[in-house]
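The values are calculated or read from the model by the stated rules, or taken from the named source; none is laboratory data. Fair warning: this is a prediction, and the values are worked out from it, not measured in the lab. Note: ideal-geometry Cβ built from the backbone for every residue, glycine included; neighbour counts use all protein chains shown. Surface accessibility is based on the protein's heavy atoms, side chains included, excluding ligands, DNA and RNA. Shrake-Rupley method; radii C 1.70, N 1.55, O 1.52, S 1.80 Å.
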Amino acid sequence: MSEGQTTLKGRVALITGSTSGIGLATAHVLAEQGCNLLLHGLMSDVEGAILAADFAEQYHIKTFFSNADLRDAKSIHDFMDAGVKALGSIDILVNNAGIQHTENVANFPIDKWNDIIAINLSSAFHTIQKVLPAMAEKRWGRIINIASVHGLVASVNKAAYCAAKHGIVGLTKVVAIECAEQGITVNAICPGWVDTPLINKQIEAIAENKGLSYDEAKYQLVTAKQPLPEMLDPRQIGEFVLFLCGSAARGITGASLAMDGAWTAQ
Ligand code: NAD
């Protein structure tokens, strides 16, 4: 596949955490373009097999599913080996999987800190390290890290999340520089609020503490820092990923691209 190829048809994308939210929506967007998919996330083998079969049937693409736990480097290497064996390559890597836990630093549980750093940051190091040699050999690759507005600014009670997301913004820059001559672009997308299950607990906590309905609490959460008074649709992130895979984005690399409803414009 050459740099001149304008379609994603036949390319292979690995999207971590593509069983839910932003990852799942991105999987649909890339599948619509004929991209083969290495689907991944925490669901049972049976559920994963059904998801992979549904995608293959709906979009006439090849699919592979893994529920490897991203906290374990060996599991990451093993599932990527199995995915490449099944689908032939990984041309597009979307490091998307992530978790959240909110608590002040003094009380932040160590196991939550370790999990968030492992899943939201270290897993991207492992996947990137694994895909780079083949991408460099093909002289084509797209790496897109789903960071967050919290990769650019901080909020209280999010020490591990902000540390991981600032970390992935730094990782993005380094890999982009190192791979700039190899046909590989590396970027981070930094969304504000996106309507996914990840933030349910934060909404429920506001509703309970302030005696609000779920929708009122959701509105309060969004508008506390984000001027755009609405959550993004996960599909909008997927469409940004698609843009970054296309030829118009050839010169965009090493960037941390805010998609944050003017949150960081203030
Ligand atoms: P989500 O909870 O809907 O999906 C998270 C995905 O990660 C799931 O597929 C889950 O199975 C997977 N995952 C979690 N722990 C895992 C583990 N140990 N091993 C393997 N997979 C694991 O969340 P989402 O909102 O779609 O989040 C996707 C990414 O977007 C995350 O990195 C998140 O930080 C980022 N993000 C989300 C928002 C938002 O408002 N929702 C805003 C900015 C950035």
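The figures follow:
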quantity: Residue order for HIS166, HIS101 - accessible surface, 1.4 angstrom probe, largest first; calculated: HIS166, HIS101
quantity: Protein-only accessible surface order, largest first, of MET231, MET80 at 1.4 Å; calculated: MET231, MET80
quantity: For HIS126, solvent-accessible area (1.4 Å; no DNA, RNA or ligand), Å²; calculated: 40 Å²
quantity: For the chain, calculated [θ]222 nm from helices alone, where every DSSP H run of n ≥ 4 adds -39500 (n - 2.57); calculated: -14500 deg cm²/dmol
quantity: ARG235 - accessible surface, heavy atoms, 1.4 Å probe, Å² rounded to 10; calculated: 80 Å²
quantity: Filter on LYS9/LYS74; LYS74/LYS201; LYS158/LYS210; LYS85/LYS165 - keep pairs with C-alpha separation over 24 Å; calculated: LYS9/LYS74; LYS74/LYS201; LYS85/LYS165
quantity: Evaluated at q = 0.28 Å⁻¹: base-10 log I(q)/I(0), Debye formula over Cα of segment 159-227; calculated: -1.18
quantity: Efficiency of FRET from Cβ geometry, VAL46 and ILE110, R₀ 30 Å, rounded to 0.05; calculated: 0.35
quantity: Separation between Cα centres of segment 165-210 and segment 50-92, rounded to whole Å; calculated: 22 Å
quantity: For the chain, accessible area per residue (1.4 Å probe, heavy atoms of protein chains only), Å²; calculated: 45 Å²
quantity: Accessible-area order (highest first, 1.4 angstrom probe) of the listed residues ASP81, ASP215; calculated: ASP215, ASP81
quantity: ASN200-SER75 pseudo-label distance in nm [points 7 Å out on the Cα-to-Cβ vector]; calculated: 2.1 nm
quantity: Range of Cα positions in the chain per principal axis (Å), largest first; calculated: 55, 40, 33
quantity: Accessible area of the chain belonging to carbon and sulfur atoms, whole % at 1.4 Å probe; calculated: 55 percent
quantity: Simple label model, 7 Å out from Cα along Cβ direction - MET259 to GLU178, nm; calculated: 2.5 nm
quantity: Rounded to the nearest 10 Å², the accessible area of ASP195 at probe 1.4 Å; calculated: 70 Å²
quantity: Over segment 38-92: Rg over Rh, Cα atoms, Kirkwood Rh; calculated: 0.97
quantity: Rounded Å value of the spacing that divides the Cα centres of segment 10-31 and segment 217-231; calculated: 26 Å
